[in-house]
Amino acid sequence: MYAIIDIETTGGKFNEEGITEIAIYKFDGHEVVDQFISLINPEKEIQAFVVNLTGINNKMLRNAPKFYEVAKRILEITEDCVIVAHNASFDYRILRTEFSRLGYDYQRQSLCTVELSKQLIPDVPSYSLGKLCRSLGIAVTDRHRASGDAMATVKLFKLLLNKDNNKVIIQKNTKNAVPIKKLAPKLQGILDSLPTNKGVFYIHKKGGGILYIGKAHNIKKAVNQLFLKTTKNSKYIQKKVVSVSYEITGNNLINNLKYYKEVQLNKPTFNNKNKKNADAVKFNNDNMLIIDRGRSVSERSVILIENQEVVGFAYVDLAHQISNLDILKPLLSPLENSSYNRSCIKKHLDNHKVEKIIRF
């Protein structure tokens with residue numbers, strides 16, 4: 001679970017800043033499940049340049065709650081969560097400073113979307129939140145206000161999770177997982193947290209390593225079947241599992257491509273690691289975008305074929321993300337231009353309808 005945060009401050013000397021506004025979106029990796037947004041009375045003057053940047057002035061904060069009045073709510077919504085922020089060292093430091101003034105040692109794990117973006121989306125002109133979102137086609141409202149910037153960070157983090165092929169983010173969050181000693185309650189607890197959607201799932205052992213990757217039309221049903229099996233490998237998995245993460249894919253083609261890619265990248269202990277043989281194929285068009293259902297009603301999946309080569313796939317919400325390749329390409333999770341992937345895409349197009357194919 002993640003607490004995606006943005007904080008606006010008064011400005012001023014290091015560790016003497018006060019909070020003027022805070023927004024926290026509790027995010028389960030798929031959707032926002034809780035939120036807290038509030039102006040804060042910092043009990044000190046706001047620097048003039050900050051007023052010009054955020055539009056927040058001292059008069060607006062006169063009747064706002066002071067930090068100690070909202071501290072309990074912040075503790076509750078961030079409990080058992082990893083703090084996520086764009087430039088997390090700043091927001092996390094400000095939170096810790098405010099809590100230390102109350103005599104409380106506030107500690108959470110944290111992730112920085114600036115650092116993650118540099119790893120997962122290299123070579124963009126700027127990693128400032130506004131410019132990065134603009135280059136990726138992510139809509140930002142209320143820029144330099146906590147709620148707007150925090151929601152933009154939610155959208156960015158969701159994209160980063162999808163591009164995190166090596167599971168750097170997931171492993172950071174599962175490395176301290178403690179297995180429950182009683183087997184049946186442990187498995188049932190894991191099962192209760194899973195969705196019935198189509199997607200790829202990952203069986204994690206202590207330390208975050210991946211024991212097994214599966215794909216399913218119904219993730220919960222497939223994991224339940226795995227937990228009920230009595231084979232030697234299944235029993236070992238049942239004994240060692242501490243968590244199951246998953247990625248909803250939205251359609252069969254992405255499900256197949258994503259599963260194959262993840263197995264080849266992560267080489268789980270209990271998956272067959274041999275690459276599948278497939279006949280060489282040629283696409284009917286050199287350049288095309290294959291557009292189909294996404295993970296929600298408003299979302300679409302896009303696969304890019306360029307110069308007869310499979311480039312990658314992405315999920316998009318806005319039409320201009322599809323119509324502009326310069327915006328689309330940084331969103332893509334790469335796919336190997338392998339005979340298997342080419343054959344998988346060609347067979348799917350030959351045997352199934354997709355929403356649209358754009359040829360260019």
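The values are calculated or read from the model by the stated rules, or taken from the named source; none is laboratory data. Please read these numbers as outputs of a predicted model, since none were measured by experiment. Every residue, glycine among them, receives a Cβ derived from its backbone with ideal geometry; neighbour counts consider all protein chains shown. Protein only, heavy atoms only, side chains kept; ligands, DNA and RNA dropped before computing areas. Shrake-Rupley method; radii C 1.70, N 1.55, O 1.52, S 1.80 Å.
Between N15 and S323, full extension at 0.36 nm per residue minus the direct alpha carbon distance yields a gain of 106.3 nm.
Taking all protein chains together, Y2, Y212, Y68 sort by accessible area into Y68, Y212, Y2, largest first [probe 1.4 Å]. Taking amide H as placed 1.01 Å from N in the peptide plane, G312 has its amide H under 5 Å from the amide H of L304, L335, each at least 5 places away in sequence or on another chain. Listed cross-link partners K261/K353; K118/K215; K158/K215; K221/K267; K158/K346; K167/K346 are compared with a 26 Å cut-off, the Cα-Cα value being larger for K118/K215; K158/K346; K167/K346. Report the relative contact order of the chain, percent, no decimals, based on alpha-carbon pairs under 8 angstrom and at least 6 residues apart. Relative contact order for the chain comes out at 12 percent.
Pull out a ≥ b ≥ c, the square roots of the eigenvalues of the alpha-carbon gyration tensor of the stretch 101-147, then state rounded if a/c is under 1.5, prolate if not and a/b is larger than b/c, and oblate in the remaining case. Since a/c reaches 1.5 but b/c is at least a/b, the shape of the stretch 101-147 is classed as oblate. Compared with the direct C-alpha span, the chain from K235 to T269 gains 10.9 nm at full extension, assuming 0.36 nm per residue. With a 1.4 Å probe rolled over the protein heavy atoms of all chains, the accessible area of M1, M288 falls in the order M1, M288, largest first. Among the protein heavy atoms, those of H30 account for about 50 Å² of accessible surface (1.4 Å probe, every chain in place). The aspartates and glutamates within cross-link reach of K155, meaning a Cα-to-Cα straight distance under 14 Å and a gap of 8 or more places when in the same chain, are D6, D28, E31, E299, D317. Estimated purely from DSSP H runs of n ≥ 4, each contributing -39500 (n - 2.57), the mean residue ellipticity at 222 nm for the chain is -11500 deg cm²/dmol once divided by its residues. Share of carbon and sulfur in the accessible area of the stretch 44-95 stands at 50%, probe radius 1.4 Å. For the stretch 24-36, backbone phi angles converted through the Karplus equation (6.51, -1.76, 1.60; θ = phi - 60°) give residue-by-residue couplings of 10, 10, 7, 10, 8, x, 9, 8, 6, 10, 6, 8, 9 Hz, Gly and Pro being listed as x. Using a cut-off of 15 Å between beta-carbons, work out the net charge of the residues near S147 (Lys and Arg +1, Asp and Glu -1, S147 not included). Value of the local net charge: -3. The aspartates and glutamates within cross-link reach of K356, meaning a Cα-to-Cα straight distance under 12 Å and a gap of 8 or more places when in the same chain, are D292. In this label model, Q119 and R101 are separated by 3.3 nm, measuring between points 7 Å along each Cα→Cβ vector. What does the C-alpha gyration tensor say about the overall shape of the chain? Classify as rounded when a/c is under 1.5, otherwise prolate if a/b is larger than b/c, or oblate. The shape class here is oblate.
The residues K347, K59, sorted by heavy-atom accessible surface at 1.4 Å with ligands and nucleic acids left out, run K59, K347 from largest to smallest. Each Lys and Arg contributes +1 and each Asp and Glu -1, all at the Cβ; summed about the Cα centre of the stretch 1-142, the dipole is approximately 360 debye.
Sequence-distant contacts, meaning Cα pairs under 8 Å at least 6 residues apart, place the relative contact order of the stretch 262-326 at 21 percent. Could you compute the FRET efficiency for N63 and E306, with r as their C-beta to C-beta distance and R0 at 51 Å, rounded to 0.05? After rounding to 0.05, the efficiency reads 0.35. To put it simply, the accessible area of the stretch 235-308 at a 1.4 Å probe is 44 percent carbon and sulfur. In this structure the chain gives 49 Å² per residue of accessible area when probed at 1.4 Å with all protein chains present. Straight Cα distances below 16 angstrom link K220 to the lysines K186, K198, K229, with same-chain residues fewer than 8 positions distant left out.
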